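S.K.: I'd like to ask some things about the structure below.
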């Protein structure tokens, strides 16, 4: 029998077995090797060789971080508020051999553990804590899931609560609470403004009390502001204290000085009045008063003046 006829098929079979025993693993992959059903070790990355003809078999594991989306969970908080919460869990395979030996499906097991843990933590927290302290809730859920998956060779790197869905009744109640809080702040700010304004007015009153002339200036400014509006007629008295600046202290006021002061005040009042339209009754009376004061004192009727 020709040895070549036996050698060539044998070499071909060995070559095919060697070629089929070569595996290439990426940097993020590891291969868990079983030899006749017994775990040997994890190999990779790069080119690895397996004993051919089914002596060694490989289970490929991905070491990259997996984003696991947790389905929305209907649960009740500690203060008896029904909420609907969904989250996302980030985990990766830290020990490939453990993840293959200890758990049948680590992905499904991690998903179920994350759902139950999320419901448990939400049930132990109040609604205000869930809304205001979300980072703390995330860390608590992450620690619990990581401790549960550690025997499986799984490392949980993070947990994030994506959305908290509240009932419509609770949303309306929270909106009313926020509105009431805003109104309270507005009233407090308004009261503080009134208090500060009253303090400034008290200080201004003390200064005006020291200088009486300032009160007259303020009075004239108010008259000018009122006269700027053309939609009304304003009647205002002229205080006698307005003419004290024209008279020296202790000196009696003569009729001529009074007439001159009254004339000047009347002219100022006429100039301050609006110029639109015809003369008002107040302006007519002021002009008559001004014309009467311009008459000579000697031409008045007897008995109209004072005997003193």
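The values are calculated or read from the model by the stated rules, or taken from the named source; none is laboratory data. Please read these numbers as outputs of a predicted model, since none were measured by experiment. Positions of Cβ are backbone-derived with ideal geometry, glycine not excepted, and every protein chain shown enters the neighbour counts.
S.K.: Has the stretch 53-71 got any residue that is at positive phi and not assigned by TED's automatic domain parsing to the domain that holds residue 159?
M.R.: yes
S.K.: Continuing with the same structure: Of the numbered conditions (1) on the phi < 0 side of the Ramachandran plot; (2) in contact with a strand residue (DSSP E or B) (Cβ under 8 Å, 6 or more places away or on another chain); (3) modelled with pLDDT under 95, residue 156 fails exactly one; give the number of that condition.
M.R.: Every condition holds for residue 156 apart from (3).
S.K.: Please find, within the stretch 1-30, the residue that is surrounded by the most Cβ atoms within 10 Å (Cβ to Cβ) out of those that are touching a residue at least 24 places away in the same chain (Cβ under 8 Å) and in a helix (DSSP H, G or I).
M.R.: It comes out as 21.
S.K.: Please state which one of 34, 91 is at pLDDT 90 or above, touching a strand residue (DSSP E or B) at 6+ places or on another chain (Cβ under 6 Å) and not assigned by TED's automatic domain parsing to the domain that holds residue 165.
M.R.: Just one listed residue meets the conditions, 34.
S.K.: Which one of 194, 179, 135 is surrounded by fewer than 13 Cβ atoms within 10 Å (Cβ to Cβ), outside the structural domain of residue 44 (by TED's automatic domain parsing) and over 28 Å from residue 76 (Cα atoms)?
M.R.: None of the other options fit; the residue is 194.
S.K.: Oh, and also: Pick from 160, 155, 104: which is without any contact (Cβ under 8 Å) to a residue 24 or more places away in the chain and closer than 28 Å to residue 28 by Cβ?
M.R.: One residue alone meets the criteria, 104.
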